[in-house]
Amino acid sequence: MQFTPKKKPDMEITLCSGCASFYYDNKNYWIERINKQQKALDECMICRNRHGYDFKIWKLKSSSYNCKGGSQ
Ligand SMILES: [Zn+2]
């Protein structure tokens with residue numbers, strides 16, 4: 001599958017490898033590392049148990065989203 005992000009990610013969060021794999025496996029989301037050179041690990045924001053990298057996440061399935069909703 002090819003995905004080209006056109007807008008800002010829906011989330012920017014720190015994930016350990018275990019929590020990141022949830023998003024990698026979930027077809028409703030697209031996940032990418034923010035900085036592939038990142039060496040320092042931060043606490044995972046999901047499980048707060050392990051450490052991992054910063055990720056950008058897009059929601060691909062947007063059933064409840066429409067253009068009229070706007071954030072402004
Ligand atoms: Zn985690």
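Quick note: the coordinates plus some simple rules give every number you see, no bench work behind them. What you see is a predicted model, and the numbers here were worked out from it, not measured in a lab. Virtual Cβ from ideal backbone geometry, glycine too; neighbours counted across all protein chains shown.
Could you give every pair whose Cβ atoms fall below 9 Å, whose first residue belongs to the stretch 1-27 and is surrounded by 13 or more Cβ atoms within 10 Å (Cβ to Cβ), and whose second residue is in a helix (DSSP H, G or I), counting only separations of at least 6 or pairs across chains?
13/19; 15/21; 15/22; 15/23
Of all residues in the stretch 46-59, count the ones that are among the hydrophobic types (A, V, I, L, M, F, W, C) and over 14 Å from residue 21 (Cα atoms).
Qualifying residue count for the region: 1.
Identify, please: which residue in the stretch 1-50 is of a type in the set (S, T, N, Q) and more than 19 Å from residue 61 (Cβ to Cβ) and is, among those, nearest to the ligand (Cβ to nearest atom)?
Residue satisfying both the conditions and the ranking: 49.
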